[in-house]
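The values are calculated or read from the model by the stated rules, or taken from the named source; none is laboratory data. What you are looking at is a predicted structure, and each value in this text was computed from that prediction instead of being measured. Every residue, glycine among them, receives a Cβ derived from its backbone with ideal geometry; neighbour counts consider all protein chains shown. Note: accessible area is taken over every heavy atom of the protein model, side chains too, but ligands, DNA and RNA are not part of it. Shrake-Rupley method; radii C 1.70, N 1.55, O 1.52, S 1.80 Å.
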Amino acid sequence: AARPGGGGSGGLDLLSPDEKAGLVFMREEEKLARDSYLELGDLWGVPVFANIATSEQSHMDGVKKMLDKYQDQVEDPVQDESDVGNYVDPELQALFDALMADGEESVMAALYVGGAIEETDMEDIQHWIDLTDHEDIIGVYESLLCGSRNHLRAFVKQIENRGAVYAAQVLPQEEVDAIVDSPTERDCGSGGGGR
């Protein structure tokens with residue numbers, strides 16, 4: 001349903017198939033992160049999970065803003081935000097199920113799951129940034145990346161505080177080291193994590 005005054009610009013604002021796919025995927029991937037941290041937070045009672053789950057909700061909201069803006073072109077895959085652990089994308093469903101099985105083993109395993117989610121998120125966000133020309137969408141993705149870097153820093157700190165050394169799980173080790181060895185970013189923009 002096109003809104004009055006919208007879309008009359010000769011289709012200049014049309015999203016490519018990749019841009020649509022990216023928004024749909026990232027909406028569910030940010031939900032996967034939120035859901036995982038809600039579940040693991042309930043299971044282990046470690047505050048870092050609840051804190052980051054709140055941030056992931058703001059990431060979901062950031063992607064939803066774009067889905068709302070382009071609602072005449074792309075449909076929001078998340079119909080019920082309160083539903084935890086169910087996804088339209090079968091790959092994300094399988095990933096969630098596997099991560100939860102890992103995260104139930106121990107607090108340390110759960111913290112590593114957090115690291116894996118954030119690394120996966122960063123890799124995926126960068127993939128979709130590379131496939132979009134829309135500055136508004138890129139802006140949201142950049143703020144998600146910033147938030148994910150902060151989340152990875154938080155999980156690694158928890159792991160190191162427990163006496164372990166964090167090894168990269170998805171991204172190259174040097175990339176993870178560069179993120180972890182740099183300070184928390186204070187302003188991640190709209191849809192990011194933190195203020």
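Within region 146-160, identify whether any single residue is in contact with a Phe, Trp or Tyr (Cβ under 6 Å, 6 or more places away or on another chain) and without any contact (Cβ under 8 Å) to a residue 24 or more places away in the chain, and answer yes or no. Looking through region 146-160, none of the residues is in contact with a Phe, Trp or Tyr (Cβ under 6 Å, 6 or more places away or on another chain) and without any contact (Cβ under 8 Å) to a residue 24 or more places away in the chain. Residues that are part of a helix (DSSP H, G or I) and closer than 23 Å to VAL170 by Cα were ranked within region 64-92; the one that is nearest to the chain's Cα centre (by Cα) is LEU92.
Against the definition (assigned to a helix (DSSP H, G or I) and either free of Cβ contacts under 8 Å to residues at least 60 places away in the same chain or buried (at least 21 other Cβ atoms within 10 Å of the Cβ) (or both)), how does LEU95 come out, yes or no? In short, no. Return the pairs, sorted by first residue and then second, in which the second residue is open to solvent by 70 Å² or more (accessible area, probe 1.4 Å) and basic (Lys, Arg), the first residue lies in region 170-181 and is in contact (Cβ under 8 Å) with a residue 60 or more places away in the chain, the beta carbons are less than 9 Å apart, and the residues are 6+ apart or on different chains. Filtered contacts from region 170-181: no entries.
Contact annotation: residue pairs with Cβ atoms under 7 Å, 6 or more positions apart or on different chains, pairing a residue in region 38-53 that is part of a helix (DSSP H, G or I) with a partner that is open to solvent by 80 Å² or more (accessible area, probe 1.4 Å) and at pLDDT 95 or above, are LEU43/GLU104. Before we move on, is GLU118 acidic (Asp, Glu) and under 23 Å from LEU32 (Cα atoms)? In short, yes.
Of LEU111, LEU144, all but one fail to be open to solvent by less than 10 Å² (accessible area, probe 1.4 Å) and closer than 13 Å to VAL48 by Cβ; the exception is LEU111. The set of residues in region 98-108 being among the aliphatic types (A, V, I, L, M) and surrounded by 14 or more Cβ atoms within 10 Å (Cβ to Cβ) consists of LEU99, MET100, VAL107, MET108. Look at (1) open to solvent by 20 Å² or more (accessible area, probe 1.4 Å); (2) outside any loop (DSSP other than H, G, I, E, B) and you find that ARG186 fails only one, number (2).
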